[in-house]
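Bear in mind that the values in this text are calculations on the coordinates, not laboratory data. All values derive from a computational prediction rather than experimental measurement. Methodologically, a virtual Cβ is constructed for each residue, glycine included, from the backbone with ideal geometry; neighbour enumeration extends over all protein chains shown.
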Number of protein chains: 2
Amino acid sequence: MVYAGAMSGSGNLMDFLDEPFPDVGTYEDFHTIDWLREKSRDTDRHRKITSKSKESIWEFIKSLLDAWSGWVVMLLIGLLAGTLAGVIDLAVDWMTDLKEGVCLSAFWYSHEQCCWTSNETTFEDRDKCPLWQKWSELLVNQSEGASAYILNYLMYILWALLFAFLAVSLVRVFAPYACGSGIPEIKTILSGFIIRGYLGKWTLLIKTVTLVLVVSSGLSLGKEGPLVHVACCCGNFFSSLFSKYSKNEGKRREVLSAAAAAGVSVAFGAPIGGVLFSLEEVSYYFPLKTLWRSFFAALVAAFTLRSINPFGNSRLVLFYVEYHTPWYMAELFPFILLGVFGGLWGTLFIRCNIAWCRRRKTTRLGKYPVLEVIVVTAITAIIAYPNPYTRQSTSELISELFNDCGALESSQLCDYINDPNMTRPVDDIPDRPAGVGVYTAMWQLALALIFKIVVTIFTFGMKIPSGLFIPSMAVGAMAGRMVGIGVEQLAYHHHDWIIFRNWCRPGADCVTPGLYAMVGAAACLGGVTRMTVSLVVIMFELTGGLEYIVPLMAAAVTSKWVADAFGKEGIYEAHIHLNGYPFLDVKDEFTHRTLATDVMRPRRGEPPLSVLTQDSMTVEDVETLIKETDYNGFPVVVSRDSERLIGFAQRRELILAIKNARQRQEGIVSNSIMYFTEEPPELPANSPHPLKLRRILNLSPFTVTDHTPMETVVDIFRKLGLRQCLVTRSGRLLGIITKKDVLRHMAQMANQDPESIMFN
Amino acid sequence: MVYAGAMSGSGNLMDFLDEPFPDVGTYEDFHTIDWLREKSRDTDRHRKITSKSKESIWEFIKSLLDAWSGWVVMLLIGLLAGTLAGVIDLAVDWMTDLKEGVCLSAFWYSHEQCCWTSNETTFEDRDKCPLWQKWSELLVNQSEGASAYILNYLMYILWALLFAFLAVSLVRVFAPYACGSGIPEIKTILSGFIIRGYLGKWTLLIKTVTLVLVVSSGLSLGKEGPLVHVACCCGNFFSSLFSKYSKNEGKRREVLSAAAAAGVSVAFGAPIGGVLFSLEEVSYYFPLKTLWRSFFAALVAAFTLRSINPFGNSRLVLFYVEYHTPWYMAELFPFILLGVFGGLWGTLFIRCNIAWCRRRKTTRLGKYPVLEVIVVTAITAIIAYPNPYTRQSTSELISELFNDCGALESSQLCDYINDPNMTRPVDDIPDRPAGVGVYTAMWQLALALIFKIVVTIFTFGMKIPSGLFIPSMAVGAMAGRMVGIGVEQLAYHHHDWIIFRNWCRPGADCVTPGLYAMVGAAACLGGVTRMTVSLVVIMFELTGGLEYIVPLMAAAVTSKWVADAFGKEGIYEAHIHLNGYPFLDVKDEFTHRTLATDVMRPRRGEPPLSVLTQDSMTVEDVETLIKETDYNGFPVVVSRDSERLIGFAQRRELILAIKNARQRQEGIVSNSIMYFTEEPPELPANSPHPLKLRRILNLSPFTVTDHTPMETVVDIFRKLGLRQCLVTRSGRLLGIITKKDVLRHMAQMANQDPESIMFN
């Protein structure tokens, strides 16, 4: 083993060489990181700490602290993400109710809190307590009648507009990155892209505040996606406190993956589902160590949220349910139908939303984001108020749709005609004929469904925080509940039909419309996001029973297949493409039969590759080359004739090194020869002092031969996280392939516009 | 894009070239596969089918069938694995009881089935029904007394010996691969190693039968690990029915990963835990598509098992429990203590078991496997019978230890002194003082614990199927239950102590000893296998409540940390090392500062690398080279002087190609020049017909420079699944690094014997 040689030889071991200059090893904004280099740097750091730890007890303790810092970061992320989620829940609860009225005893109470603290109310009219006053009662002392209704209607619209205006202004002025769901950008960042400020402290603050505002404003959007963004901002904040993570973009992304898991964990009260979501949907590089830590962060976040207990039911989400009746084989048919509906909805939503967003980007529409938000909010509020299912918050709507009709249920959806002769235990109510309320609810739900479908397409993508989990689930839950009630009534009135005869006798509780709502919600969510395992696990954690996995899975699989038949992209991938981020999806299979030689630059007829020679170029030559080109780096070859590759030099580090040398090193002038070899070249007398740049040379650049199939090249880029790869034939340098080239080639093969890939 | 060039150029696209000869693209036994090549071959196949599918409707249907075959395979695996698990459970149940007695009404009934069918029994003495006769009753008509006891004792030992002897003989004669747990080998196979017959039909059959025998014989082993092996055999069997999987070793391994998930799913009744186990512990290459399919297979297997319902409780495992009482913060201390115990047990077990297995391998002991099994079985049976906790099957023991003491519980462990003045609902029994039975149980458990610890070390690794999940869990459950009872009695007698005062008032049910047993089981299992997330999820699915995740996680984390402090290897990795399999663990971090040049062969002073030249060697030269060396392949260079690399030729394919050419092609003699270029070299007149071998040349061999840090090389080998990698400097070939070289280097760096890595 030649350790000495090993130390001085590798371009990766810069830390150990003399005089490292500042900013080496960082990246420019909107550029891709080099995973291998980050990993190598972390190993160096780790080696240094391990070898130092044997020197003294203090160093040993420091090394222990370093080893534990990962867990500490996870703990902090879990605590903060859980707390923020709780605060958001409480604030949204209060502000949503503020649109309808105010609590006289304390204005910061929500409707429910107000009436719980009031002693006068009985259980039955929880919703009507004297302390809670609608705006019409407070302002003109009227609670009934047309004028009161109109006043309440106006106040509702007014508050909604106020919240929305505040939100969009805050986003525009303080943190433009706080808009949208954030998941497409987080996926891109986790795959190794740099977007400075996207996970910054301002984004964290503004996104949290505006999230409360927009959800309260009644717009058709959810808080789940943005919560993942908020959790990732927490992760970024805490990782900046520890040099292990702040100085290494690769390690930082491990923390962010875990933070994403914590975000989903609090959004859905599903820690395992959150980890799987992070693994399946968001993360790119997910070592097993991260799995364990993500799980820890997700659990801490869930327990923090539970101890805040924002809904007062010691559950993490409003729409937690437990069903008690089994499902039957014959019901798989409507479940699969719901899956088809979910897939169609997913396709429709993605196509329309992307078309609308593209129009916003390319036309004048995009120049008036505030006006757009105001208009959409006004339309939403005007249409939403008259219909009880759109007036209430979407979470409450989902909760109502998921719930089974118990004996005490007062919802319109549970207005069944009771058989007065039958007395039964509370939790086992047989199927009954539907009453007038149910029929009213059906057409109201149908109208609400159409409205939600249309308005969500226009809402997602505006310059405000907006998630689409909740609207998607609402669409599915409404469709599912309607199908469920339909099947239930069919089974009640026609229990002698052959399909019902075996399992649905009169007087039995055989159909659970709430379960249909949940299956529909899963199908629609699956159609839009194309999540699979994580979706089923999240739903499993929401219902808490292995029993219902099969219906959920049948719907999720159908929905994914149907949606995939119309286009492979989920909504997040579609938005990544729309924005031109350099995201190399792990899930896409590249199956075309092209070779590296077809993709590499220079193409035929283009000027030859810009290279550096190992010992014959002057500082000025290099500076000219840097000025004239915008490449991120240059291959270094023995000489222009032989073109035998010896390494690769990054543009950024060349610039820094030359600047540094000109300032600090004596005798370096424009005419100085730059050399990358160990020994300086033999120069004629009188020639200026040469500049040694071996320390910035990467001596192990990645190479493939020109005959390598592109599927292998794509695989290498994906799995090793490369920025670029050099192409050789029989040892001669032929060209270079960058991540952008790979992405453009993939876009071209898929008949898309290669120019849509904008960043490197 | 130069498609034509692409087609003829790549060495991977052999299918499209003329005259592919048989056996090309297969591997030899005990060799490592090339993942990149397998993937490339699958893409070719896929491309072919896609392009054909546009030709006719029949081809389109065939392409659909091909796309669906993955799901069909999963369905079949799930069905078969679930059925086999059910059959094994039923058979074990019957044969375990056969050691004690026989059912008079039908000899194929187990004790419980026998008494359930008998009408005369009341609920209280379920266990004593006239139809079930102990051997002493049947043979000498005595049910009490010393002679009856001795007769039963002898019959117990006799049956145990018979079962064990049958099992070991079957394994030796029919399927030597059926022994052990199989998980180390499956891990190795999934990482890309070929062991022919390891997952064959004979292994499946014999392992299933002998598993029943050994579990019934009362040896200290479990069926969980072997069930994973059995499920993988099913996976291998079904994948051999579809050419998509049978002809591609890479694709086949995707199926096997899913089968492993199905195996754990039925072993523990935990589908999600099974998938995570496969992901975390077993699998190597786990694309997301596999995640979804694994989940499907695991679910199908679980539902199949549930419909067989082997335990009559509609649960998938004997030891499913539901707790109703919460846990308290102060209890975390004993939980963490149990974690420490689990870690220590894990370390002790791994060290002792590996030392004993090494002794078995290297001394005469290994030559008498049948005798060894007989002796261990005899000792186990003799010691186990007198103690009720070792006499019953280990699953029953775990079930008894996990269960909380309800009102109807008749176990000795629940012999508490009831307060006659207190009447309480059945499921909320306050803490009570322990009775005589509990004290007896305590010392019996202590003896059983010591016995289990010792005997398990000697049992695991014998030439019979043996899993260690169940024995490990039993050890933990016994320790945990004892700690739990201790804490309970402490809390009862000293509820005024400061640590108990806040949460344990007299008359409250504050300590659940069963929960301690479960936490202990998780800790011990974690210490031995070093599973983390999957372990917690499996336990979560066993208890069905998010509530107990924190205690389980605290214990699992502690146990892993304690065990890792003594050595990083889990039991499976230790056995892989012991057997010298070429397994490149994804979890090991390689942090040494060596370079590719330190690892590559030839080393300094060794003869130069054996290479082929592109157009100057004769058939005889190559045959001599093949005869004299045993390398798996040879780099092809332009000429010996320039040493510029153009490709890589596999030994196996060279041999096949030459044999084929000599047989079928005219004019090929020993003097024929072999060439790898597109055009034949210019040869003097009269020289024999040259042999073109370009089609077996891999034109895109993987290369790294000599300065590449070994950590990067290790990463490349891991992530891309390479067999070998060529080392170059400035385009010149310097040497080669094979997977074996990497593993030997890693062993050397970890101060282990590099010669222990035996296969390539």
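Some observations on this one:
- Taking 17 Å as the cut-off, the amide N atoms of region B:570-600 that come nearer than this to a point 7 Å along the Cα-to-beta-carbon line of residue B:30 belong to B:576-583.
- Contact order normalised by residue count of region A:596-756, Cα under 8 Å, 6+ apart, percent: 25 percent
- Number of partner chain Cβ atoms within 10 Å, mean per residue of B:708-721: 5
- Region A:269-328 and region A:333-348 have Cα centres lying 25 Å from one another.
- For region B:618-760: rounded, prolate or oblate by the Cα gyration tensor [a/c cutoff 1.5]: prolate
- In chain B, the beta carbon lying closest to the axis that superposes B onto A belongs to the residue given here with its whole-angstrom distance, B:731, 1.
- Shape class of the protein assembly as shown from the Cα gyration tensor (axes a ≥ b ≥ c, square roots of the eigenvalues): oblate, since a/c reaches 1.5 or more and a/b does not exceed b/c.
- Chain A: angle of helix A:146-174 to the longest principal axis, Cα-based, in degrees nearest 10: 10 degrees
- Beta bridges per DSSP with both ends in chain B, % antiparallel, nearest 5: 75 percent
- Rounded to the nearest 10 degrees, the angle from helix A:469-493 to the longest Cα principal axis of chain A is 40 degrees.
- Sorted on the mean count of surrounding Cβ atoms within 10 Å across their residues, most packed first, peptides A:550-557, B:512-519, B:646-653 read B:512-519, A:550-557, B:646-653.
- Note on B:287-293: average number of Cβ atoms from other chains within 10 Å of each residue's Cβ is 4.
- Cα shape, region B:35-81, gyration tensor, a/c 1.5 rule: oblate
- Positive-end ranking of A:156, A:265, A:36 along the dipole of chain A, with charges on Cβ about the Cα centre, is headed by A:36.
- Annotation: peptides A:613-623, A:673-683, ranked by per-residue average of other Cβ atoms within 10 Å with the highest first, follow the order A:613-623, A:673-683.
- Percentage relative contact order, chain A, counting C-alpha pairs under 8 Å, at least six apart: 15 percent
- A simple count of charges around residue A:55, restricted to other residues whose Cβ falls under 15 Å of its Cβ and scoring Lys, Arg +1 and Asp, Glu -1, yields +3.
- Spatially, region B:509-549 and region A:365-396 are offset by 48 Å when compared through their Cα centroids.
- With a Förster radius of 22 Å applied to the beta-carbon distance between residue A:205 and residue A:454, the computed FRET efficiency rounds to 0.10.
- Cysteines in chain A that lack a partner Cβ within the 4.7 Å cut-off: A:179, A:232, A:233, A:234, A:352, A:357, A:524, A:725.
- Principal-axis analysis of the Cα atoms of chain B puts helix B:710-720 at an angle of about 80° to the longest axis.
- Listing B:417, B:272, A:354 from fewest to most neighbouring C-beta atoms within 10 Å gives B:417, A:354, B:272.
- Using a 7 Å Cα-to-Cβ projection, residue B:680 label spacings across copies, nm, ascending: 5.7
- Shielding by partners - mean other protein chain Cβ count within 10 Å, residues of B:589-598: 6
- Positive dipole terminus of region B:483-604, leading residue within B:512, B:495, B:594 (C-beta point charges): B:594
- Here the calculated FRET efficiency for residue A:396 and residue B:329, from their Cβ-Cβ distance with R0 = 41 Å, stands at 0.75, rounded to the nearest 0.05.
- Pseudo-label separations to other copies for residue B:173 - Cα-to-Cβ vector, 7 Å, nm: 8.9
- From the alpha carbon centroid of region B:583-650 to that of region B:159-196 is 37 Å.
- Summing Lys and Arg as +1 and Asp and Glu as -1 over all other residues whose Cβ lies under 15 Å from the Cβ of residue A:175 gives a net charge of +4.
- Net charge over other residues, Cβ less than 11 angstrom from the Cβ of residue B:727 (K, R count +1; D, E count -1): 0
- When each of the peptides B:577-587, A:182-192, A:333-343 is scored by how many other beta carbons lie within 10 Å of its residues on average, the order from highest to lowest is A:182-192, A:333-343, B:577-587.
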